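Chemist: Pasting a structure below so you can have a look.
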Amino acid sequence: MESNTQSALLSLNIGSLSEVFTFTDLEQSLQLRLVCRKFNQSVCYGWRLRIYELEILKKRCEEQLTNDFDEETLHEHKTMSKHQDCIVHDLRDLFMRAFKLNKSVISCPNFGSRVNPDRLIVLPILASMILMKKDTYKELVRDYSMMGVDVKLWTKIKLIFKGRWKTKALINNFDISEVAPDQIKECKKILRNNSDLSVATIRPYSHCASYMFQWTNLALKYFKIRDTILELGVCQIEQKLATHTNTEQKMVKVFERILANQEF
């Protein structure tokens with residue numbers, strides 16, 4: 001069967017073969033060139049065409065950005081994108097301040113010794129953990145009760161922050177772009193059902209919880225800006241442009257290093 005397939009491929013001309021190979025993974029197509037001289041020629045020819053095609057696709061994206069959007073929309077998109085970058089930086093800063101991870105002295109969070117803490121401590125931290133812990137946020141939500149704070153929930157939250165380095169890894173591994181809509185919805189529900197939560201009411205009980213409350217609200221602001229950016233439509237075209245550019249740069253680099261000097 002394998003030999004029949006290879007024979008069928010070899011019966012195609014170089015142009016047709018190069019079209020077939022464009023549907024294969026880039027690394028696989030590089031391996032195909034080692035099969036025989038004809039495959040080598042086809043891969044080389046196909047890569048030339050693909051690089052040329054990517055250049056055309058990039059120009060189309062650039063034309064779309066110029067022709068489909070007015071200057072005001074593009075300016076608004078740029079401003080909000082910069083705002084997003086600032087928020088990501090500020091989120092990290094708030095987390096570091098909440099757990100004193102920027103200090104040289106190792107210290108436990110100031111809520112660690114509490115057995116049955118006040119809801120003004122648990123709920124702000126719970127809201128932030130629902131956004132942060134993609135893998136376990138459903139468990140945290142399940143243990144949350146509108147009638148009060150479950151001890152089991154508090155135990156789980158304390159375990160999340162057990163140890164300075166584990167806590168630091170939490171923010172290092174956090175990617176705000178991976179937060180799912182369900183997580184955002186649950187977080188908003190907790191804040192909506194507990195409208196008395198504020199920095200002023202939380203801070204007397206826990207500085208850590210007040211910082212995490214600010215962290216949560218800042219994260220929600222990020223998602224609101226992200227949704228507005230998506231509605232503008234500029235982001236989608238920029239992402240396509242970035243993908244085409246990255247692919248082209250990789251292919252050109254490999255082409256110049258391996259394929260361009262082939263002897264046929």
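Chemist: Probe radius 1.4 Å, ligands and nucleic acids left out: which of Ser81, Ser29 has the largest accessible area, and how do the rest follow?
Modeler: I get Ser81, Ser29, largest accessible area first.
Chemist: Given points 7 Å out from each Cα along the Cα-Cβ axis, report the Lys221 to Lys162 separation in nanometres with one decimal.
Modeler: 3.5 nm
Chemist: Rank-order 93-100, 196-203 by packing density, defined as the average count of other C-beta atoms within 10 Å over each peptide's residues, highest first.
Modeler: Order by mean packing, descending: 93-100, 196-203.
Chemist: Whenever you get a sec, compute what percent of the accessible area on the stretch 25-89 sits on carbon and sulfur atoms (1.4 Å probe).
Modeler: Result for the stretch 25-89: 50 percent of the exposed heavy-atom area is carbon or sulfur.
Chemist: Could you state, as a whole-number percent, how many of the C-alpha pairs of the stretch 204-264 are farther apart than 17 Å?
Modeler: Tail of the P(r) past 17 Å holds 67 percent of the pairs.
Chemist: Straight-line reach from Lys189: which lysines have Cα under 19 Å away, leaving out those fewer than 8 places along the same chain?
Modeler: The qualifying lysines are Lys133, Lys134, Lys138, Lys221, Lys224.
Chemist: Let me ask something else about it. In the full protein assembly as shown, how much of Leu30 is accessible to a 1.4 Å probe, in Å² to the nearest 10?
Modeler: For Leu30, solvent-accessible area is about 30 Å².
Chemist: Return the sequence-ordered ³J(HN,Hα) values of the stretch 64-73 in whole Hz as given by the Karplus equation 6.51 cos²θ - 1.76 cosθ + 1.60 applied to θ = phi - 60°, using x for Gly and Pro.
Modeler: 4, 5, 7, 8, 8, 10, 7, 4, 5, 5
Chemist: Give the relative contact order (percent, whole number) for the stretch 12-75; include only Cα pairs under 8 Å separated by 6+ residues.
Modeler: It comes to 31 percent, rounded to a whole number.
Chemist: Taking θ = phi - 60°, what integer Hz values does the Karplus form 6.51 cos²θ - 1.76 cosθ + 1.60 yield along the stretch 126-133, in sequence order, with x for Gly and Pro?
Modeler: 4, 4, 5, 5, 4, 6, 7, 9
Chemist: Which residues' amide hydrogens lie under 5 Å from the amide hydrogen of Phe69, considering only partners 5 or more residues apart or on another chain, with H built in the peptide plane?
Modeler: When sequence neighbours closer than 5 places are left aside, there are no close amide H contacts.
The values are calculated or read from the model by the stated rules, or taken from the named source; none is laboratory data. Computed from a predicted structure; not experimentally measured. Heads up, the Cβs are rebuilt from the backbone with ideal geometry, glycines too, and the neighbour counts pull from every protein chain shown. Accessible surface is based on the protein model in full, side chains and every heavy atom, while ligands, DNA and RNA are left aside. Shrake-Rupley method; radii C 1.70, N 1.55, O 1.52, S 1.80 Å.
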